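Asker: Okay, handing you the structure first.
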Amino acid sequence: MKKIAVIGGGAAGMTCAVALARGGAEVTLLERGDRLGRKLSASGNGQGNVTNLNMGAEHYFSDDAEKVARVLARFSSADTIAFLEGMGGIFLPDARGRVYPAGRQASAVTDLLRFELKRLGVKVLFGARAQTLSYAEQFRVQAGAEWVAADAVVLAAGGMAAPNFGTDGSAYALAEAFGHTIVPPSPVLVQLRCDPKEVRGLKGIRTDASLTVLRGKKAVFTGRGDVLFTESGVSGDAVFRASSYAQKGDVLLLDLLPDVEEGRLKRALSKKTGEEALLCVVNNGLGRALMKRAEGEALATLIKAFPLEVTGTLGFSHAQATRGGIPLSETDENLQSVRRGGLFFAGEILNVDGECGGYNLQWAFSSAHIAAEGVLS
């Protein structure tokens, strides 16, 4: 019986441990924290957006899009739903194809995996931060006073996003010890910063908006959704999606009334003056802030094209995902290291990140199953 060590008790690590144990391996799962799936339990605003029916490599960023496509083809969104429902859950899509547990609780997804690990007899070590990983006939993982010997290792310890969940990037060093390089990590699916003067008076206002990311005159992203103004910039669903594309110096162009043509808006504004101008047009608080910036036809133009220059992000502490990590080019088709046979990777530690909407969790599930297949083959 193969002895396998899985490092990291997040979505990818738990899923891989389940797949390995079902395949007959003796599995030890090392989790540095005091409980499994902390980040998974907070996913999808706590509702557990596990995948998306509109799946494809075009929704991902990586150094090898073709390999991403092959991994997704081998374990698809339909496979993820079948995997989770096979443990007794019910998962349903919304109008945008985002798939959630019927009870809309992300923590329940964690529990589903946790109970399956227990049923399969997977050994789980808590407070087991992997400090060193070495190989001499067998792999040896040092986690504090604990030493774990294994025939193969799956490194699924995450990236750098949301360090409050224990993902601080320290696991990259375990791969570097075997000669791997690291694509410099950066935060994505994160709030964007802009000049505080540009959002003065708007803090706390949430609105449905169309958002375009402009790099010079070129639009690199267009989307629609919630935009929440903060004291340092903007947040919300549309902004998180845009953050995967936006860079410092880009301009966010917000259409704050996307269902109304500018001509119709100008006609409505021509019938009112002063503080009455934007009544029943936009949120009152938003209207007051906009009227300090423009009036008349210029006000209508501002509503349809409100510009914000990107000055940065709120960083890893507020990010949902990491861009960067171990290049896919340094793995084979089963996500096994090309530097050290028997070392596999799964999840966010790899240089793959997806758009907002269940894509990053799908990568966790897909990569975990592909790595497990490779270990067991």
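Asker: Can you tell me which residue in segment 65-80 is surrounded by the fewest Cβ atoms within 10 Å (Cβ to Cβ), limited to those that are under 18 Å from the mean Cα position of the chain (by Cα) and within 17 Å of G324 (Cα to Cα)?
Answerer: It comes out as A65.
Asker: Given the structure, is G357 in a loop (DSSP other than H, G, I, E, B), in contact (Cβ under 8 Å) with a residue 24 or more places away in the chain and under 26 Å from S244 (Cβ atoms)?
Answerer: Considered against the rule, which asks whether it is in a loop (DSSP other than H, G, I, E, B), in contact (Cβ under 8 Å) with a residue 24 or more places away in the chain and under 26 Å from S244 (Cβ atoms), G357 comes out as yes.
Asker: Quick one: which residue in I205, I182 is of a type outside the set (S, T, Y) and in contact with a Pro (Cβ under 9 Å, 6 or more places away or on another chain)?
Answerer: I182
Asker: Scanning for something open to solvent by less than 10 Å² (accessible area, probe 1.4 Å) and out of contact with any Ser or Thr (no Cβ under 7 Å at 6 or more places or on another chain), does segment 53-61 turn up at least one residue?
Answerer: Scanning segment 53-61, I find no residue that is open to solvent by less than 10 Å² (accessible area, probe 1.4 Å) and out of contact with any Ser or Thr (no Cβ under 7 Å at 6 or more places or on another chain), so the answer is no.
Asker: Moving to a separate point now. Quick check: anything in segment 41-55 in contact (Cβ under 8 Å) with a residue 12 or more places away in the chain and closer than 18 Å to D168 by Cβ?
Answerer: yes
Asker: Somewhere in segment 209-226, is a residue in a loop (DSSP other than H, G, I, E, B), in contact (Cβ under 8 Å) with a residue 24 or more places away in the chain and open to solvent by 20 Å² or more (accessible area, probe 1.4 Å)?
Answerer: No, every residue in segment 209-226 fails to be in a loop (DSSP other than H, G, I, E, B), in contact (Cβ under 8 Å) with a residue 24 or more places away in the chain and open to solvent by 20 Å² or more (accessible area, probe 1.4 Å).
Asker: Only one residue in S77, S62, S43 is at pLDDT below 95 and of a type outside the set (F, W, Y), so which one is that?
Answerer: S43
Asker: Checking the condition at pLDDT below 95 and among the hydroxyl-bearing types (S, T, Y), which residue from S270, S210 passes?
Answerer: Selected residue: S270, the only one of S270, S210 that is at pLDDT below 95 and among the hydroxyl-bearing types (S, T, Y).
Asker: Moving on to the next point. Among the residues of segment 291-326, write down those that are under 33 Å from the mean Cα position of the chain (by Cα), of a type in the set (A, V, I, L, M, F, W, C) and buried (at least 18 other Cβ atoms within 10 Å of the Cβ).
Answerer: Matches in segment 291-326: I303, F306, L308, V310, F316, A319, A321, I326.
Asker: Just to be sure, is S270 of a type in the set (S, T, Y), over 23 Å from R206 (Cα atoms) and surrounded by 12 or more Cβ atoms within 10 Å (Cβ to Cβ)?
Answerer: Answer is yes for this residue.
Asker: May I pose another question? Name the residue, out of G159, G179, that is touching a residue at least 12 places away in the same chain (Cβ under 8 Å), assigned to a loop (DSSP other than H, G, I, E, B) and closer than 22 Å to K248 by Cβ.
Answerer: G159
Asker: Still on this structure: Would you check if R339 is modelled with pLDDT of 90 or more, in a loop (DSSP other than H, G, I, E, B) and under 37 Å from the mean Cα position of the chain (by Cα)?
Answerer: Answer is yes for this residue.
Asker: Run H318 past the list (1) modelled with pLDDT under 95; (2) closer than 22 Å to A82 by Cβ and report the number of the one that doesn't hold.
Answerer: The number of the failed condition is (2).
Asker: Which numbered condition trips up F83, out of (1) part of a helix (DSSP H, G or I); (2) surrounded by fewer than 18 Cβ atoms within 10 Å (Cβ to Cβ)?
Answerer: Failing condition for F83: (2).
Asker: Every residue in segment 137-146 that is at pLDDT below 95 and either open to solvent by less than 20 Å² (accessible area, probe 1.4 Å) or part of a strand (DSSP E or B) (or both), please.
Answerer: Result: A143, E146.
Asker: Return the pairs, sorted by first residue and then second, in which the second residue is of a type in the set (F, W, Y) and open to solvent by less than 50 Å² (accessible area, probe 1.4 Å), the first residue lies in segment 282-304 and is touching a residue at least 12 places away in the same chain (Cβ under 8 Å), the beta carbons are less than 9 Å apart, and the residues are 6+ apart or on different chains.
Answerer: Once the first residue is touching a residue at least 12 places away in the same chain (Cβ under 8 Å) and sits in segment 282-304, its partners that are of a type in the set (F, W, Y) and open to solvent by less than 50 Å² (accessible area, probe 1.4 Å) give L286/F229; A289/F229; L290/F306.
Asker: Considering only segment 9-48, how many residues are open to solvent by 10 Å² or more (accessible area, probe 1.4 Å), in a loop (DSSP other than H, G, I, E, B) and among the small types (G, A, S)?
Answerer: So the answer is 8.
Asker: Identify all residues within segment 53-67 that are in contact with a strand residue (DSSP E or B) (Cβ under 8 Å, 6 or more places away or on another chain) and in a loop (DSSP other than H, G, I, E, B); write none if there are none.
Answerer: L53, D63
Quick grid of which residues meet (1) surrounded by fewer than 17 Cβ atoms within 10 Å (Cβ to Cβ); (2) among the polar types (S, T, N, Q):
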{"site": "M160", "(1), (2)": "no, no"}
{"site": "N164", "(1), (2)": "yes, yes"}
{"site": "G169", "(1), (2)": "no, no"}
{"site": "A173", "(1), (2)": "yes, no"}
{"site": "I182", "(1), (2)": "no, no"}
{"site": "L189", "(1), (2)": "no, no"}
{"site": "D195", "(1), (2)": "yes, no"}
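The values are calculated or read from the model by the stated rules, or taken from the named source; none is laboratory data. Treat the numbers as computed from the prediction; the structure is a model and nothing was measured. So basically every Cβ, Gly included, is an ideal-geometry build from the backbone, and we count neighbours across all protein chains shown. Heavy atoms of the whole protein, side chains included, go into the accessibility calculation; ligands, DNA and RNA do not. Shrake-Rupley method; radii C 1.70, N 1.55, O 1.52, S 1.80 Å.
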